[in-house]
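Asker: Starting off with a structure, shown below.
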Ligand code: SDX
């Protein structure tokens, strides 16, 4: 890792508040906004900052992913997402996110061999699945099964042991595709398919999802490439809600499997990773191009809780660079599958055109995000909508693990424990039942 990748002092911020003037150090990183270090604010002023949703708050220092929301830039360890999507593969990108540098051929072969040879799960986990109802949502299964990994792999739960951290991270990355495929097979009532070591990471996943014992199954190289690219796009995204959940869960010393399960639970929400499922359901509800104006009007109506799923982003106030690659991948998959007139794609394309020219969306800087086109692509590949967020979780596991490793190794990190602005009752005496 380059030695000069560190924060450095960049002046002081002066704050006039209770008790007079206070100065706090400004720290700058290699690129992007500098920060005001307010860690001593409460001790010096008796006041907290107040920032619901953390729109202006940096929770940590990180070297993994950089986003410039205004310029529509996303870098994994400095490499632009569109270059990685075009030239790299998911497992190489995983190595990059975890280690900080692209691997040599020998390093990649060793990493790939290690992941390949840890893709099977403990055989007893099969019976764990049978405890779920057949119609259980795959994300409910993923939350349960991933959390249960800590009940099967006790020898990699001590986060203070660097070797156990390495083993846990390898197990999580290697086994997530197997667990996601098992969740899919269970939900469609088909037998589980074991991983196959002669297949690469993403082809192996597609084989476990779509092969059946009754016939041989060849993974389409085009679909495997598209799936692999979709995994690259979803691998990491700096301190988003689910990554922050993993970090705060890890800050208490919880074992890595429990922390990743917490991230999966957070990702499930429709405002976050659940948006791909919600976006496709929305396109289906709109149904035809003619009904788009009705839904655009609802999205603008403050009294209506409806939002255009797949639009808007906390950070991107320009086009999400991943959405552009996703749209291109969507067309490649539809062409490969010979799907010419997908009505959902027609609605999506027209909705995007209308939204990008509508004053409301322009003023609020609402652009399509990664979730807008992924649903159409994944549906065309044969996945039910309920599997979309599980695929997001599969890919994001690499980012969660990379961020978890970085946090554990950061000496400045302590248990995450925000404060509050209290507006409840001041102290009052208990009133007996006979006097209420
Ligand atoms: C992901 O953080 C990450 O990096 C996440 C992610 C990742 O890779 O980890 O990128 C993945 O979660 C992508 C986002 C997927 N979610 C959706 O597509 C759901 C729809 N989008 C919205 O819910 C919303 O845009 C958020 C949650 C994504 C962002 O919410 P913010 O930043 O809190 O923005 P906001 O809710 O404060 O909205 C700002 C304004 C509001 O209007 P006003 O109150 O200012 O009048 O824009 C409006 C909102 O009403 N608005 C929308 C809208 N999104 C925001 N109006 C209509 N449709 C929308 N989709």
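Coordinate-derived values only; no laboratory data. Keep in mind that what you see is a predicted model, and the values were worked out from it rather than measured. Note that each Cβ is placed from the backbone with ideal geometry, even for glycine, and that neighbours are counted across all protein chains shown.
Asker: From Cα coordinates alone, what are the radius of gyration and Dmax values for segment 294-436 in angstrom?
Answerer: 22.7, 76
Asker: So what's the convex hull volume per residue for the Cα atoms of segment 364-411, in Å³?
Answerer: 103 Å³
Asker: Could you work out the helix-only [θ] at 222 nm for the chain, with each DSSP H run of four or more residues adding -39,500 (n - 2.57) and the total divided by the number of residues, to the nearest 500 deg cm²/dmol?
Answerer: -15500 deg cm²/dmol, from helical runs alone.
Asker: Given that compact globular proteins tend to follow 2.2 N^0.38 Å, what is the ratio of the alpha-carbon Rg of segment 98-160 to that value?
Answerer: Compared with the compact-globule rule of thumb, segment 98-160 sits at 1.50.
Asker: Counting just the Cα atoms, what span does the chain cover along each of its three principal axes? Round to the nearest Å and put the largest first.
Answerer: Projected onto the principal axes, the Cα atoms of the chain cover 76, 65, 57 Å.
Asker: Please compute the Kirkwood hydrodynamic radius over segment 266-358, one decimal place, Å, based on all pairs of different Cα atoms.
Answerer: Roughly 14.3 Å, rounded to one decimal.
Asker: While we're looking at this one, here's another question. Expressed in nm to one decimal, what extension gain is obtained for the pair residue 57 and residue 87 from 0.36 nm per residue of sequence separation less their Cα-Cα distance?
Answerer: 7.4 nm
Asker: Rounded to the nearest 0.05, what FRET efficiency do residue 17 and residue 214 have when you use their Cβ-Cβ distance and R0 = 56 Å?
Answerer: 0.20
Asker: Taking a quarter of the surface of the Cα convex hull of segment 1-48, what do you get in nm²?
Answerer: So the Cα hull casts an average projection of 4.1 nm².
Asker: For segment 1-93, take N as its residue count and report Rg(C-alpha) divided by 2.2 N^0.38 Å.
Answerer: The reported ratio for this selection is 1.41.
Asker: Extending each Cα 7 Å along its Cβ direction at residue 436 and residue 331, get the distance between those two points in nm, one decimal.
Answerer: 6.6 nm
Asker: Sort the following peptides by mean Cβ neighbour count (other Cβ atoms within 10 Å, averaged over residues), highest first: 162-169, 364-371.
Answerer: Values: 162-169: 17.5, 364-371: 22.1.
By packing density, highest mean first, the sequence is 364-371, 162-169.
Asker: Could you order peptides 230-237, 102-109, 262-269 by the average number of other Cβ atoms within 10 Å of their residues, highest first? Provide the component values of the computation, followed by the final result.
Answerer: Working: 230-237: 25.6, 102-109: 12.1, 262-269: 22.6.
For the peptides 230-237, 102-109, 262-269, the packing ranking is 230-237, 262-269, 102-109.
Asker: Running a GNM on the chain with Cα contacts under 10 Å, which residue among 50, 79, 194 ends up with the highest mean-square fluctuation?
Answerer: Result: 50 has the largest fluctuation of those listed.
Asker: Still on this model: Packing-wise, with mean Cβ within 10 Å as the measure, how do 430-436, 340-346, 414-420 rank, highest first?
Answerer: Output ranking for 430-436, 340-346, 414-420: 340-346, 414-420, 430-436.
Asker: On full extension of the chain, what length is gained from residue 271 through residue 252, given 0.36 nm per residue of separation minus the C-alpha to C-alpha distance? Walk me through the intermediate numbers first.
Answerer: Numbers: separation 19, 0.36 × 19 = 6.84 nm, distance 2.58 nm.
Full extension of this stretch gives 4.3 nm more.
Asker: Please arrange 248, 354 by counting, for each residue, the other beta carbons lying within 10 Å of its beta carbon, fewest first. Walk me through the numbers on the way to the answer.
Answerer: On the way: 248 18, 354 15.
Neighbour counts put them in this order, fewest first: 354, 248.
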